[in-house]
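The values are calculated or read from the model by the stated rules, or taken from the named source; none is laboratory data. Worth saying up front: this structure is predicted, and the values here are computed from it rather than measured. Note: ideal-geometry Cβ built from the backbone for every residue, glycine included; neighbour counts use all protein chains shown.
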Ligand code: 4AD
Ligand code: MG
């Protein structure tokens with residue numbers, strides 16, 4: 001008997017086949033039992049008619065509980081009314097493990113219970129759809145940069161210094177060398193890579209000891225960070241908008257079923273095409289003012305204010321030229337107005353907030369030294385980084401896109417915790 005996956009059923013219409021998986025759900029009406037099989041690639045209704053199978057098989061089908069592992073055999077037929085478009089006229093059932101009292105039943109459960117059972121919750125329809133979309137986004141990210149001639153470069157995770165401010169560092173003892181910190185961003189290493197390879201990207205886990213308990217923050221999240229030599233802020237924004245268009249359109253092309261499962265309104269996603277609107281920080285303040293919100297120049301834009309700004313547009317919006325004071329030490333100042341940094345953030349629509357942060361980098365040694373002092377950073381730790389400004393320094397730019405923020409937005413989730421298989425947050429590091 002051929003062992004087949006649900007996603008391949010169309011090749012087997014009319015044939016008798018065997019599938020393996022888990023019991024997703026079951027309905028019965030005396031003479032007939034509908035077994036919904038899931039195998040990770042899809043869902044299939046398997047129909048056990050009392051008259052068509054042995055008494056033993058019918059009994060076994062009657063007794064299996066939710067999430068039992070099973071092997072079903074039967075004939076595939078087209079059934080437009082069934083989920084996936086196929087049905088199995090079942091002839092046999094092999095029970096690998098009969099399971100009872102599976103903790104996650106089709107009824108409603110509280111979020112803490114679900115998070116405690118995350119290792120099982122992953123099997124639910126919605127979580128499977130999210131995992132598949134996350135996978136698609138990761139692939140789209142890699143394809144996009146690979147096709148553009150970028151080289152993937154993996155930065156270290158244990159690092160000797162901060163990148164994005166010292167307040168969110170995870171510290172760990174490091175033998176006789178004192179402390180090491182979990183990386184907040186691979187950027188500084190990506191800059192070294194860009195000087196070696198021209199165009200690179202890093203893609204991996206990054207860490208922030210975020211004390212805030214918001215729906216937009218994880219303590220461990222994945223970031224992709226392209227870095228390009230001989231590129232200015234405009235080039236950086238061009239790259240970011242092309243990148244976002246590619247990611248969203250790729251998901252729309254390949255994952256309509258999953259988006260349907262998530263009941264995602266895709267009309268808003270369809271708009272994600274370049275050019276994206278670009279406004280300065282000053283213009284963002286003006287937008288807020290028209291909504292009767294006074295943001296003092298020099299203050300950061302809050303999450304709530306980001307939502308108000310992004311609500312003015314039908315696609316993601318790029319905000320650039322933020323006050324230098326509130327931005328990272330490595331960002332280049334605008335030669336036309338040194339009070340602002342050549343920085344940009346991309347704000348997602350529908351209240352999802354910042355998904356990309358990037359900038360043109362300070363490429364002048366003396367300026368960068370000044371910034372390191374102003375930010376009270378230990379100069380020795382950055383000596384290698386300063387070398388990039390001593391030997392063949394060039395204008396260069398890059399950005400970081402938060403994977404979970406992107407997954408959360410594209411999937412239309414309420415919280416980042418469902419956008420990663422096993423979320424790490426201030427109050428949770430299990431399972
Ligand atoms: O804006 P951030 O802090 O920028 C950087 O780390 C730069 N070094 C990137 C670069 O230029 N190469 O972070 C980039 C993105 C944010 O826009 C957000 O999407 C995500 O990373 N991010 C988080 N995602 C989840 N949880 C958190 N605590 C996050 N902090 C940042
Ligand atoms: Mg940022």
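Does the range 5-22 hold any residues that are buried (at least 18 other Cβ atoms within 10 Å of the Cβ) and under 11 Å from residue 74 (Cβ atoms), and which are they? Residues satisfying the conditions are 17, 19. In the range 204-263, of all residues being assigned to a strand (DSSP E or B), more than 14 Å from the chain's Cα centre (by Cα) and surrounded by 22 or more Cβ atoms within 10 Å (Cβ to Cβ), the one that is farthest from ligand 2 (Cβ to nearest atom) corresponds to 228. Among the residues here, residue 288 qualifies as free of Cβ contacts under 8 Å to residues at least 24 places away in the same chain, more than 19 Å from the chain's Cα centre (by Cα) and outside any loop (DSSP other than H, G, I, E, B). Scan the range 79-94 and tell me whether some residue there is crowded, with 18+ Cβ neighbours inside 10 Å, under 32 Å from the mean Cα position of the chain (by Cα) and outside the structural domain of residue 238 (by TED's automatic domain parsing). Looking through the range 79-94, at least one residue is crowded, with 18+ Cβ neighbours inside 10 Å, under 32 Å from the mean Cα position of the chain (by Cα) and outside the structural domain of residue 238 (by TED's automatic domain parsing).
Select from the range 95-107 the residues that are surrounded by 12 or more Cβ atoms within 10 Å (Cβ to Cβ) and either over 14 Å from residue 18 (Cβ atoms) or at pLDDT below 95 (or both) and list them in ascending order. Across the range 95-107, the qualifying residues are 98, 99, 102, 103, 104.
For residue 357, the requirement of being out of contact with any strand residue (DSSP E or B) (no Cβ under 8 Å at 6 or more places or on another chain) and within 16 Å of ligand 1 (Cβ to nearest atom) is not met. Just name the residue that is surrounded by the most Cβ atoms within 10 Å (Cβ to Cβ) out of those in the range 165-190 that are within 9 Å of ligand 1 (Cβ to nearest atom) and modelled with pLDDT of 95 or more. For the range 165-190, the residue satisfying everything is 186. Residue 321 meets each of the listed conditions (1) within 16 Å of ligand 2 (Cβ to nearest atom); (2) loosely packed, with under 14 Cβ neighbours inside 10 Å apart from (2). Just one of the listed residues (218, 259, 252) is without any contact (Cβ under 8 Å) to a residue 60 or more places away in the chain and touching a helix residue (DSSP H, G or I) at 6+ places or on another chain (Cβ under 8 Å), namely 252. In the set (1) more than 14 Å from ligand 1 (Cβ to nearest atom); (2) surrounded by 16 or more Cβ atoms within 10 Å (Cβ to Cβ), residue 338 fails one condition alone, (2).
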